[in-house]
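Q: One structure, as structure tokens, below. Some questions next.
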Amino acid sequence: MELDLKLTGCRTITMDPARPAAHTIGIWQGRIAGLDEQVADLPAAETVDLGGAVVLPGFIDAHTHLAWNGRRTIDITGLATAAAVLDRLAGAPGTGWIEASGYDRRIMDSPLTAADLDRISGDRPVYVADLSGHACVVNSAVLRRLPEITSDGWLTENEQLAARTLRLPYSLDEITAELHESARQVLAEGVTMCAEAGIGAGLIASSPLEAAAYQRARLPIRVQLMVSAHVLHDVAADPADRIPRAIDLGLHTGFGDDMLSLGAMKLWTDGGMIARTAALTEPYAGTDNAGQLAESEELMRAAIVDGHHAGWQLAIHAIGDRAIDFTLDAVAEAQRQRPRPDARHRVEHCGLVRPDQLERIAALGLVPVVQPTFLHAYGDDYSEIMGEERAPWLYRGRSFLDRGITVAGSSDRPVADGAPLRAIEFMVRRRSSGGRAVGPDEAITVEEAIRAYTLGSAYACRKEHVLGSLTPGKLADLVVLGDDPRTSDAIADIPVLATMVGGAFSFQRSS
Ligand SMILES: [Zn+2]
């Protein structure tokens with residue numbers, strides 16, 4: 001047997017407890033053929049000496065938004081006055097919609113309004129996306145098309161969705177270009193697989209044909225598509241199947257191949273902390289606002305139960321502790337009606353978990369899919385709005401692991417920075433960009449943080465049998481780093497030298 005490729009001179013952290021380290025990796029037909037002495041005597045078509053570089057399994061981002069991230073909008077990140085925003089938007093090319101992103105209402109000296117936007121827009125509709133993904137500002141040209149809404153331009157949640165719907169759909173060409181842009185970006189950060197968190201309907205959908213764009217794009221990374229629960233519809237299946245609602249053809253989690261597959265069914269039960277719409281049991285500190293559930297409990301419970309019956313893994317967006325209470329009850333009800341021991345339902349974000357909720361999350365086998373970088377970027381703000389008692393409950397790590405809960409790492413890009421090494425550093429250090437300690441008791445070790453971004457996220461995507469560790473027989477996805485995160489003082493700054501997907505280098509850093 002001749003290997004396709006032999007990597008030598010590696011300091012490999014395999015994440016496989018049976019064999020944690022290796023110096024040589026043999027690759028054949030896109031898979032790991034063996035390590036060290038298993039491949040020492042085999043010839044290889046090509047041998048690459050990595051010169052002592054550190055090799056990890058490729059990072060898996062278990063919750064991200066590739067199309068949204070790659071969208072070419074006008075970036076207004078960091079702008080804090082209406083004048084600065086208008087200056088950036090004025091003279092936007094084209095004749096149709098003017099779309100901007102990166103708006104942060106929290107830093108504005110006074111919030112942007114429709115009247116402000118009208119000054120530069122003429123008849124063109126303007127949509128300024130809040131960085132939370134849960135709100136936007138639109139101009140009067142948009143509001144005129146939404147006569148049922150009374151607003152000064154700031155729209156959240158369902159009102160935002162109404163405005164968004166006016167813009168949709170994007171063309172397959174536009175989406176394909178967005179996907180390639182994002183794939184290029186994530187490969188440079190060591191990511192080899194992404195789970196796209198919600199296609200087909202809802203706030204972040206691009207087109208009813210979105211899956212076709214992924215099929216057409218043939219991306220250089222692996223992608224798993226989560227399907228919005230809003231596309232569930234009644235089906236006339238045999239009553240013995242006990243499947244009242246499904247998507248067309250009965251497709252569900254697991255369909256596809258190693259490059260492109262269907263993942264979980266995505267549901268939203270509340271909003272977000274940035275927009276103060278995450279549903280809490282007690283109000284945001286210093287306010288009487290406790291956020292809101294996304295829809296009626298009855299509708300959301302029906303989607304969870306029906307999705308569970310139809311064989312889906314569920315990915316339930318729940319950020320506030322009230323939304324998590326609801327999620328725990330609804331999943332327990334679904335499991336009572338139809339026990340599925342390895343349903344492996346996920347809680348997307350799982351942002352504010354009260355101590356009494358931890359055991360229930362463990363008992364139901366739920367997988368928290370967390371975004372550590374939220375707290376790096378927004379930890380100061382989140383700590384303030386939660387107050388002293390609740391701040392240590394944000395985006396937990398240690399408390400989950402101590403209860404045997406698998407934690408999956410993710411970015412929610414473009415809501416926050418997508419680099420896995422930054423997220424890993426945060427999970428270990430629990431320091432915000434402002435230097436504040438955020439829930440320091442939730443810190444985990446470097447190995448545990450790497451595990452969350454490799455095996456943990458592979459588990460969340462039901463791919464741990466082929467991904468997540470450098471184990472013979474698994475797919476040859478790996479990242480080559482310039483330093484060892486276990487001994488580095490600045491994990492986020494470690495250079496990503498190369499990224500391999502399926503045995504081929506898809507990214508190599510130009511020196
Ligand atoms: Zn998301």
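The values are calculated or read from the model by the stated rules, or taken from the named source; none is laboratory data. Predicted model, so just to flag it, every value in this text is computed and none were measured. Neighbour counts run over all protein chains shown; Cβ positions are idealised from the backbone, glycine included. Accessible surface is based on the protein model in full, side chains and every heavy atom, while ligands, DNA and RNA are left aside. Shrake-Rupley method; radii C 1.70, N 1.55, O 1.52, S 1.80 Å.
Q: Taking the stretch 346-382, which residues are hydrophobic (A, V, I, L, M, F, W, C) and either within 14 Å of the ligand (Cβ to nearest atom) or on the phi > 0 side of the Ramachandran plot (or both)?
A: VAL347, CYS350, VAL369, VAL370, PHE374
Q: Restricting the search to the stretch 48-78, which residues are touching an Asp or Glu at 6+ places or on another chain (Cβ under 8 Å), over 30 Å from ASP483 (Cβ atoms) and more than 16 Å from the ligand (Cβ to nearest atom)?
A: ARG72, THR73, ILE74
Q: A further question follows. List the number of the failed condition for THR64; all other conditions in (1) under 29 Å from ARG184 (Cα atoms); (2) open to solvent by 30 Å² or more (accessible area, probe 1.4 Å); (3) touching a residue at least 40 places away in the same chain (Cβ under 8 Å) hold.
A: Looking at each condition in turn, THR64 falls short on (2).
Q: OK, next. Report yes if some residue within the stretch 367-377 is without any contact (Cβ under 8 Å) to a residue 40 or more places away in the chain and buried (at least 21 other Cβ atoms within 10 Å of the Cβ); otherwise report no.
A: No, the stretch 367-377 contains no residue that is without any contact (Cβ under 8 Å) to a residue 40 or more places away in the chain and buried (at least 21 other Cβ atoms within 10 Å of the Cβ).
Q: Scan the stretch 381-396 and give yes if some residue there is modelled with pLDDT of 95 or more, open to solvent by less than 20 Å² (accessible area, probe 1.4 Å), in contact with a Gly (Cβ under 7 Å, 6 or more places away or on another chain) and part of a helix (DSSP H, G or I), otherwise no.
A: Checking the stretch 381-396: at least one residue is modelled with pLDDT of 95 or more, open to solvent by less than 20 Å² (accessible area, probe 1.4 Å), in contact with a Gly (Cβ under 7 Å, 6 or more places away or on another chain) and part of a helix (DSSP H, G or I).
Q: With the requirement that a residue be β-branched (Val, Ile, Thr) and in a loop (DSSP other than H, G, I, E, B), what does the stretch 484-499 give you?
A: Of everything in the stretch 484-499, those that are β-branched (Val, Ile, Thr) and in a loop (DSSP other than H, G, I, E, B) turn out to be THR487, ILE494.
Q: Across the stretch 361-376, what is the total count of residues that are among the small types (Gly, Ala, Ser) and not in a loop (DSSP other than H, G, I, E, B)?
A: Residues that pass the stated criteria total 2.
Q: Condition check: free of Cβ contacts under 8 Å to residues at least 24 places away in the same chain and either farther than 16 Å from PRO420 by Cα or surrounded by fewer than 24 Cβ atoms within 10 Å (Cβ to Cβ) (or both). Does PRO472 satisfy that?
A: no
Q: Please go through the stretch 208-246 and pick out each residue that is closer than 26 Å to VAL369 by Cβ and of a type in the set (Asp, Glu).
A: Of everything in the stretch 208-246, just one residue is closer than 26 Å to VAL369 by Cβ and of a type in the set (Asp, Glu), namely GLU210.
Q: Tell me, which residue of the stretch 192-205 that is away from the ligand (no atom under 14 Å from the Cβ) and more than 12 Å from the chain's Cα centre (by Cα) is least open to solvent (accessible area, probe 1.4 Å)?
A: Going through the qualifying residues, I end up with THR192.
Q: Among the residues of the stretch 262-277 satisfying the criterion of being open to solvent by 10 Å² or more (accessible area, probe 1.4 Å) and in contact (Cβ under 8 Å) with a residue 60 or more places away in the chain, which is farthest from ASN289 (Cα to Cα)?
A: TRP268
Q: Also, quick follow-up: Show the residue pairs that are 6+ apart or on different chains and have beta-carbon atoms under 8 Å apart, the first residue being within the stretch 118-136 and within 16 Å of GLY202 (Cα to Cα) and modelled with pLDDT of 90 or more, the second being assigned to a loop (DSSP other than H, G, I, E, B) and open to solvent by less than 10 Å² (accessible area, probe 1.4 Å).
A: Short answer, once both residue conditions are applied: ALA135/THR277.
Q: Okay, moving on. Looking only at the stretch 80-96, how many residues end up being open to solvent by 30 Å² or more (accessible area, probe 1.4 Å) and at pLDDT 95 or above?
A: 6
Q: Here is a follow-up. Being small (Gly, Ala, Ser), away from the ligand (no atom under 16 Å from the Cβ) and part of a loop (DSSP other than H, G, I, E, B) is the requirement here; does GLY418 meet it?
A: Criteria not met by GLY418.
Q: Take the residues of the stretch 338-360 that are in a loop (DSSP other than H, G, I, E, B) and charged (D, E, K, R): which is farthest from ILE243 (Cα to Cα)?
A: ARG354
Q: Suppose we keep only residues that are more than 23 Å from LEU455 (Cα to Cα) and among the hydroxyl-bearing types (Ser, Thr, Tyr) within the stretch 171-191. Which one would you say is farthest from the ligand (Cβ to nearest atom)?
A: Result: SER171.
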